[in-house]
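Structure first, commentary second.
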Amino acid sequence: MILVSQVETWLFMNQYRADAADVPTILVEKDSSGAKSFTAMRTLFQLKKWTGQRRFVPILSCDEAAYRAYEVFHVDAVPPFAILESGRVLLKQNVRDDAYAAAFAAAAPNTDEERLAFVAGYVGRELGETVVLAIDAPIASHPQVPEDVFVPGNVMETSERLFTWANREQMERDEMK
């Protein structure tokens, strides 16, 4: 199982929320203006585990230049793929995937849903695993985490629920093999 998540709304928070958190947090995004995004330490440990197993792929709305500000994806938890610009760009080991760019151009998906379905299918084929989406809007062509995992406005609870669910699902899948 490959977990594909919109990290900006599911796993990362701003400095105000991080300062108010009752658990340790860590900086994950810093640009020329300073600290921007944080996550819980427990979430960072899960990201390290899942990216180390090549089972986690982030979705971000930003472009490639802004992606470079996410230190977590270049130092601590390097993902096998990173989906940028909501599916318009795919990085493989943090380098633009030219094969994806060509396939994307040929398929020419128009809507956000079509783009996300296309990139999820591509990542699933490349990694040889089922892609499960943790995103804000349903994509009919791919399974998603249960709706109750996402807690609007509460990244701490959402990330805890997401990785608890994902670890349980992966353990059940491993037991079935």
Seminar exercise, completed: Sorted by chain and number, the residues with a modelled amide H under 5 Å from that of V57, at a separation of 5 or more or across chains, are L3, V4, S5
Exercise. ³J(HN,Hα) across the range 48-62 via Karplus (A = 6.51, B = -1.76, C = 1.60, θ = phi - 60°), whole Hz, x for Gly/Pro?
Worked result: 4, 4, 5, 6, x, 8, 6, 10, 10, 10, x, 10, 10, 7, 6
Seminar exercise, completed: Here the relative contact order (percent) of the chain, from C-alpha pairs under 8 Å and at least 6 apart, is 23
Exercise. Taking every eigenvalue of the Cα gyration tensor of the range 34-116, multiplying by 5 and rooting it, what semi-axes result, largest first, whole Å?
Worked result: 24, 14, 12
Problem set entry | Cα→Cβ-extended label distance, 7 Å offset, between D136 and D98, nm | 3.4
Seminar exercise, completed: Per the rule of 0.36 nm per residue minus the C-alpha distance, extending A35 to V75 adds in nm 12.8 nm
Seminar exercise, completed: In whole Hz, the Karplus estimates of ³J(HN,Hα) for the range 84-95 (6.51, -1.76, 1.60; θ = phi - 60°; x where Gly or Pro) are 10, 6, 6, x, 6, 10, 10, 9, 10, 6, 6, 10
Exercise. Rounded to the nearest 0.05, what FRET efficiency do L27 and Q53 have when you use their Cβ-Cβ distance and R0 = 35 Å?
Worked result: 0.90
Problem set entry | Packing rank of 48-59, 136-147, where each peptide gets the mean count of other beta carbons within 10 Å, highest leading | 48-59, 136-147
Exercise. Rounded if a/c is under 1.5, else prolate if a/b beats b/c, else oblate: with a ≥ b ≥ c from the C-alpha gyration tensor eigenvalues square-rooted, which is the range 46-177?
Worked result: rounded
For this session: Rounded to the nearest 0.05, what FRET efficiency do D148 and E85 give with R0 = 30 Å and r taken as the Cβ-Cβ distance? Could you check?
Result: 0.55
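No lab work stands behind these numbers, since they all come straight from the coordinates. For clarity, every value in this text was computed on a predicted model and none was experimentally measured. FYI the Cβ positions are ideal-geometry reconstructions off the backbone, even for glycines, and counts take in every protein chain you see.
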